[in-house]
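Only one structure is covered here, and it is reproduced in the block below.
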Amino acid sequence: MTQSVVVQVGQCGNQAGCRFWDLALREHAHVNKRGLYDEALNSFFRNVDSRKSDGAEFAVGGRIQHLKARAVLVDMEEGVVNQILQGPLREVFDSTQLLTDVSGSGNNWAVGNMTYGSAYREKIVDKLRKAAEQCDCLQCFFLIHSMGGGTGSGLGTRVLSLLEEEFPEVCRVVTSIYPSGEDDVITSPYNSVLAMNKLTEHADCVLLVENQSLVDIVNKIKVMSHGTKPGLNIKRNSAVTSGQGGLSGAEKPFDAMNNIVANLLLNITSSARFEGSLNMDLNEIAMNLVPFPRLHYLVPSLTPLYTLADINVPTRRLDQMFSDAFSKDHQLIQADPKHSLYLACALMVRGNVQVSDVRRNIERLRPSLPFVSWNQEGWKTSLCSVPPVGHSHSLLALANNTCVKPTFMELRERFTKLYRKKAHLHHYLHVEGMEQSFFSEAIASLNSLIEEYHHLDATKARLTPDAPRLSIAR
């Protein structure tokens, strides 16, 4: 069995990450009725002897003693991590996994990347190595961070480069939460573009999530939960809507948004945590969905967003789930992939769904989904037999699609408005090690990325249906 390590950086990364651990523990408790430390738990949790100071671990197959998350938590402010340590997840982490400071990065990529990245480099590497050494077969690092602030964007991408430097053979999957156009951090365009340059260079694949899409989905869930449409009510304690993400205190505005990100992580790791008839290794995601190294930005969509109460789901509803995965309303970024070009697509299904159901739906949807001419069969599928708690089945679609281009173009426009006036630039250039050339390099990288997607988009007009094949006489 393989293991993975989750690296949570910054306020947003730690809040979303801890919601993942909360929901993951619920899933395993729902499935693991015998209280045994099995391979499913071993993939993301250690089973330690809390009575011994050296934290000796118990082997797979024994009783669950004391579960510790395979995680590293980094934040340059103490607030969120302290809340975690005072909340219901306090026993899942210990001090050797945590790294905090007190002053924060001041919404400045340069402070996070240069100042804190240099000051804490050795401590970060030490914690990453320790987490890796506790794995028998380390398969993947999951990095969770936001792009708009200073710690998530700056220190988050510094940690990413350290992962490549220290563990070049281990897959690096990054979940990046992008700010909305109305973000209250004035410098978020600078931070996002500077961070994107590093994501393009050092990540194996990036799961794009936009704040505005999360807001829209949460609002839609609220409408459904109040029963404005008959037959579409959600359970109050469904995996999507419940809880405060392992933090103490009253529910906060971002909790519901963090739930969606956590459910994305639950679904993408389901094959690593549970058995299924068609499992997908995490490193297969990049292998199958990234035909060109720089074009590794994937668009996730989740369905259903609302808990279905019945277990034996009629085929009609199952088919609707597949249709929803490609609809604009279920994407985690503001985009409509059906109107753009697919390079590849993965369907990660959970629950009692047959391979024949997946194939039938792919054939049904294929005519409406434009794929590049050289990868018409660019589908990757996985089937995990264990559905999320409260669901009968679920689907995560990961699309490598040119629909990311407008998101990147909007970010470029917001960056250019500031950079043309050199607004707020002095805050960055005063940081030791930061140079103005970093800005020009970052925007050049983004321009190049947009141009690559543009060239692919241009081939869409030339796409023609496959010519009928000649049948061979027998």
- Over region 408-460, average the accessible area per residue using a 1.4 Å probe and give it in Å², no decimals. 57
- Task: Rank these residues by their accessible area, most exposed first, probe 1.4 Å: 426, 393.
- Result: 426, 393
- Item | Percent antiparallel among DSSP beta bridges (both partners in the chain, rounded to 5) | 40
- Message: Give me the one-decimal nm value for the distance between modelled label points at residue 366 and residue 457, 7 Å along each residue's Cα-to-Cβ direction.
- Response: 2.7
- Using a basic spin-label model with each label point 7 Å from the Cα along Cα→Cβ, how many nm lie between residue 169 and residue 223? 5.1
- Query: In square angstrom, rounded to the nearest 10, how much accessible surface does residue 182 have for a 1.4 Å probe?
  - Reply: 150
- Query: So which of 417/460; 68/127; 380/460; 198/405; 328/405; 220/328 end up more than 23 Å apart, counting from Cα to Cα?
  - Reply: 417/460
- Task: Tell me the label-point distance for the pair residue 275, residue 444, using the 7 Å Cα-to-Cβ offset, in nm and rounded to one decimal.
- Result: 5.4
- Note on the structure: Once 126, 75, 184 are ranked on solvent-accessible area with the largest value leading and a 1.4 Å probe, the list reads 184, 126, 75
- Query: What ranking of 392, 95 comes out by heavy-atom accessible area, probe 1.4 Å, highest first?
  - Reply: 95, 392
- Query: Taking only the alpha-carbon positions of region 408-460 and ignoring solvent, what does the Debye formula give for the base-10 log of I(q)/I(0) at q = 0.22 Å⁻¹?
  - Reply: -0.86
- Quote the FRET efficiency, to the nearest 0.05, computed for residue 359 versus residue 56 with a Förster distance R0 of 30 Å and r equal to the Cβ-Cβ distance. 0.05
- Roll a 1.4 Å probe over the protein heavy atoms and report the accessible area of residue 295 in Å², nearest 10. 0
- Query: How much length is gained on full extension from residue 32 to residue 317, taking 0.36 nm per residue of separation minus their Cα-Cα distance?
  - Reply: 99.8 nm
- Message: How would region 1-57 be classified by its alpha-carbon gyration tensor: rounded, prolate or oblate, with rounded meaning a/c under 1.5 and the a/b versus b/c comparison settling the rest?
- Response: oblate
- Task: Consider the candidate values [x] 22.0, 77; [y] 31.9, 116; [z] 21.7, 67; state which one is Rg and Dmax of the Cα atoms in Å computed from the structure displayed.
- Result: [x]
- FRET efficiency for residue 216 and residue 432, Cβ-Cβ distance as r, R0 = 45 Å, nearest 0.05? 0.65
- Using only protein heavy atoms and a 1.4 Å probe, report how much of residue 103 is accessible, in Å² to the nearest 10. 80
- Surface share of carbon and sulfur [accessible, 1.4 angstrom probe, percent] for the chain: 51
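The values are calculated or read from the model by the stated rules, or taken from the named source; none is laboratory data. Since this is a predicted model, take the numbers as computed values, not measurements. When we count neighbours, we look across all protein chains shown, and the Cβ atoms used for this are built from the backbone with ideal geometry, even at glycine. These area figures cover heavy atoms from the full protein model, side chains too; ligands, DNA and RNA do not enter into them. Shrake-Rupley method; radii C 1.70, N 1.55, O 1.52, S 1.80 Å.
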